[in-house]
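Values in this text are rule-based calculations from the coordinates and carry no lab data. Please read these numbers as outputs of a predicted model, since none were measured by experiment. Virtual Cβ from ideal backbone geometry, glycine too; neighbours counted across all protein chains shown.
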Amino acid sequence: MKFACIPAYNEEDSIELVVTKSLPHVDRVIVCDDGSTDNTAKIAKEAGAIVISQTNQGYGAAISSLFEYSRKENAQIMITLDGDGQHNPDQIPLLVDAITTHDVDVAIGSRFLDDSTKATRYRKAGIKIITSASNYGTNFKISDSQSGFRAYSKDAIDAIHPTEQGMAVSTEILLKISNKGLSIAEVPITISYEGDTSEQHSVSHGVGVLANTIKYVSIKHPLQFYGIPGIVLLVAGIILGGVFLDRYLNDQVIFYGSLLGSVVLFLLGAILSVTAIILFSMANLVRDRY
Ligand SMILES: Nc1nc2c(ncn2[C@@H]2O[C@H](COP(=O)(O)OP(=O)(O)OP(=O)(O)O)[C@@H](O)[C@H]2O)c(=O)[nH]1
Ligand SMILES: [Mg+2]
């Protein structure tokens, strides 16, 4: 059984077309209406979708509910796509095909595999930065880590339990795919940015997603992320302390600058190093829990 799963928040203008265009390609269309204040739920239901309604918690919370539903209802393949009409439901078979004929666990619809995407330069640059950070954490080499147009195999549906409530869920899922050893492939898709004026919103949104991505990556590689800067600071603190002692012992000059600098660097270095060690052991302990 194939399910098309659509997170939707106040998408009454677009949801009907997304649902009706998705229906021919799947067995069920499920819309997660995350506390919309418009007629999204009603329109989706009338168009033929099953509607899950919950209080507004964010994109990630909706994705999480859709995973849970698909697991419970034994979906063999789950496709996620946006309710705002930016993804073309007629491309669902492209993603499904990657799973059924090429045997991958997760197919990501990428906007950037060919150059036709008309996203603004800033948006492209932002997604590139986030994707590089995310690739560093996963060892994948994908081009669009933030795409919401994806397909998941049964193994992936069973293995992935997202917990991020916001947009960072896209990165979180990639890390979980990597940790579980699931396979991944990208499929070129097109996206429509018509009528999109949310540039400013996108900047703050992008910064938030990047911060979250760094959080995930730093947990995955704590020794590089905290340990190396920690040791560098510790060593710098020790050197500066040596300079202070040298001046004090040889010339009886109390050089307050290097004393203070040495203490600050040493403390910062110690904090980062301890953080690295704690995160490293914690990551090992909880790695296989989800
Ligand atoms: N259920 C639910 N869906 C949401 C929420 N926020 C966004 N969505 C849906 O998730 C999809 C993607 O959200 P968008 O805001 O379009 O994100 P985007 O495509 O990255 O950004 P834009 O370029 O501004 O469209 C859309 O279908 C939204 O309706 C939410 O809080 N809950
Ligand atoms: Mg959108």
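A few points about this structure:
- Length-normalised contact order for the chain - Cα pairs under 8 Å, 6+ apart - percent: 17
- Protection proxy ranking of 160-170, 240-250, 178-188 - average other beta-carbon atoms within 10 Å, highest first: 160-170, 178-188, 240-250
- Under 12 Å from the Gln76 label point (7 Å along Cα→beta-carbon), backbone N, the stretch 16-40: 27
- Under 13 Å from Lys2, Cα to Cα: aspartates and glutamates that are on another chain or at least 8 residues apart: Asp27, Glu73, Asp97
- Within the same chain, aspartates and glutamates fewer than 8 places from Lys42 are excluded, and of the rest, those with a Cα less than 17 Å from its Cα are Glu11, Glu12, Asp13, Glu16, Asp33, Asp34, Asp84.
- Eigenvalues of the alpha-carbon gyration tensor of the stretch 2-155, scaled by 5 and square-rooted, set the equivalent ellipsoid semi-axes at 25, 19, 15 angstrom, largest first.
- Rounded to the nearest 20 debye, the dipole size of the stretch 96-236 about its Cα centre is 440 debye, using +1 on the Cβ of Lys and Arg and -1 on the Cβ of Asp and Glu.
- Cα-based shape type of the stretch 128-189, given that a ≥ b ≥ c are square roots of the gyration tensor eigenvalues and the cut on a/c is 1.5: rounded
- Size-normalised alpha-carbon gyration radius of the chain, reference 2.2 N^0.38 Å: 1.25
- Rg then Dmax, both in Å and based on the Cα atoms of the stretch 154-290: 22.7, 73.
- Pairs over the 21 Å Cα-Cα cut-off, from the set Lys124/Lys180; Lys154/Lys176; Lys21/Lys154; Lys45/Lys176; Lys141/Lys176: Lys124/Lys180; Lys21/Lys154; Lys45/Lys176.
- DSSP bridge pairs, the stretch 2-220: antiparallel proportion in percent, nearest 5: 30
- Among 255-261, 102-108, the peptide with the highest mean count of other Cβ atoms within 10 Å heads the list, and the full ranking is 102-108, 255-261.
- Estimated 222 nm signal from helices in the chain, with DSSP H stretches of n ≥ 4 weighted -39500 (n - 2.57), rounded to 500: -17000 deg cm²/dmol
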